[in-house]
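Below is one structure; the comments refer to it alone.
A short reminder: the numbers here are calculations on the coordinates, not readings from a lab. Note that this is a predicted model, so its numbers are computed, not measured. Quick reminder, even Gly has a Cβ in these numbers, built from the backbone with ideal geometry, and neighbours come from all protein chains shown.
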Amino acid sequence: MTDMQPFGPNIWTMDGDRVRMYGVLPFTTRMTVVRLESGEVWLHSPVRPTPERQRAVDRLGPVAHLVAPNKIHSLGITPWSALYPSATVWASPRFSKRHPDIAVDAVLTSDAEMPWRGEIDHCVIDGHAVLDEVVFLHRPSRTLIVTDVIQKHEAASETWLWRGVKYMAGILGRRGGVPLDVRLSFRDKPALRRSVERVLGWDFDNLIVAHGHCLQDGAKEDVKRAFEWSAAV
Ligand SMILES: [Fe+2]
C-alpha cells in the first residue's frame, strides 16, 4: 500500500510528508504524477522519495520530467534527480535565483515549447511580488494542477489553533482559496487577471492542489470563485 492514488486517466496523486511552513504551520504535501502518451512519467512538485514511493512511480514508466512549479517547492527535486539523472528538471521562472545549488535544465516560461505539448498546458501566474507559480492543465483528465496559489487544507487533522489560522487565511476546507498573504502581495493585478483569464479559458473540471482537498467536478467554478477578489481592479 502506497500513498499513490489514481485521479483520472493517466494521472495520479501521491501524498508526501507533513511539513511545517515557516517552521511552524503544519502542511500536508502532495505530488502529481502523469504518464505521458510516450509512456514517460512526469512528476509535479515531487515529494521526498522513499523506496516504496519510488517503486510505485517505477511501475508507471520511466521518469523523464521533474517539475518544480514554484520557487518554494524544491524539496524533492534533488533526490529524484539523483535517482533518475537523465530526467529533465523544469523550474519556475525565479526558482534558480532562490536555489542556485539545484541544477535546472529548463525554465517554465509562459511561451516555452514543452515536449508534452498537446497533453499538458502551462501558465505562469504573473503579477506577484514573490511567488512565481506555474499552473498546469492535464488535458486528458481535464485537471488543473495547482501548488500554492489555491490551498484547501483538511480541517480534521488540525488542532483548533491551526484550524483557526487557516480559516482566517482562507485556506481551510473544500472552499479554501488563495491564501490571504498571497492575495495581499500581488503587485500587478491586471497581469494577475490576464493569467487567471487564460486559466479559466482552459477546459477543466477537476482540481489537484498540493495542500489539502482536491476536487472531482466543479473545479472551474471553484477557481473562478477563488480569484473573484482579483476581478475588481
Ligand atoms: Fe506549498
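Tabulated data for the structure shown
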quantity	calculated
Sole residue being within 16 Å of the ligand (Cβ to nearest atom), surrounded by 21 or more Cβ atoms within 10 Å (Cβ to Cβ) and within 23 Å of Leu144 (Cα to Cα), chosen from Ile11, Ile77, Ile72	Ile77
Qualifying position, being within 16 Å of the ligand (Cβ to nearest atom), within 19 Å of the chain's Cα centre (by Cα) and buried (at least 21 other Cβ atoms within 10 Å of the Cβ), among Met31, Met21	Met31
Failed criterion for Ser38 (all others in (1) within 16 Å of the ligand (Cβ to nearest atom); (2) more than 19 Å from the chain's Cα centre (by Cα); (3) of a type outside the set (D, E, K, R) hold)	(1)
Any pair with Cβ under 6 angstrom, 6 or more apart, that starts in segment 59-74 at a residue that is under 19 Å from Pro6 (Cα atoms) and polar (S, T, N, Q) and ends at one that is within 11 Å of the ligand (Cβ to nearest atom) and in a loop (DSSP other than H, G, I, E, B)	none
Enumeration of residues in segment 194-214 that are in contact (Cβ under 8 Å) with a residue 60 or more places away in the chain and more than 16 Å from the ligand (Cβ to nearest atom)	Arg194, Ser195, Val196, Arg198, Val199, Trp202, Asp203, Phe204, Asp205, Asn206
First in segment 142-161 and over 20 Å from Phe227 (Cα atoms), second anywhere and away from the ligand (no atom under 11 Å from the Cβ), Cβ under 6 Å, 6 or more apart	Ala155/Arg163; Ala155/Leu172; Ala155/Gly173
Condition met for Gly177 (in contact with a helix residue (DSSP H, G or I) (Cβ under 7 Å, 6 or more places away or on another chain) and within 15 Å of the ligand (Cβ to nearest atom))	yes
Hits in segment 47-76 (condition: within 22 Å of Ile120 (Cα to Cα), over 17 Å from the mean Cα position of the chain (by Cα) and among the basic types (Lys, Arg))	Arg59
Counted residues, segment 42-55 - those being more than 16 Å from the ligand (Cβ to nearest atom) and closer than 14 Å to Ile11 by Cβ	1
Residue match in segment 51-66 (condition: among the polar types (S, T, N, Q) and buried (at least 17 other Cβ atoms within 10 Å of the Cβ))	no
Lone qualifier among Glu221, Glu197 - being closer than 15 Å to Gly127 by Cα and within 19 Å of the chain's Cα centre (by Cα)	Glu197
Selected residue (criterion: surrounded by the fewest Cβ atoms within 10 Å (Cβ to Cβ)) from residues of segment 119-140 that are over 16 Å from the mean Cα position of the chain (by Cα) and under 19 Å from Trp12 (Cα atoms)	Pro140
Only one of Ala156, Ala191, Ala106, Ala112 that is surrounded by fewer than 16 Cβ atoms within 10 Å (Cβ to Cβ), hydrophobic (A, V, I, L, M, F, W, C) and touching a Gly at 6+ places or on another chain (Cβ under 8 Å)	Ala191
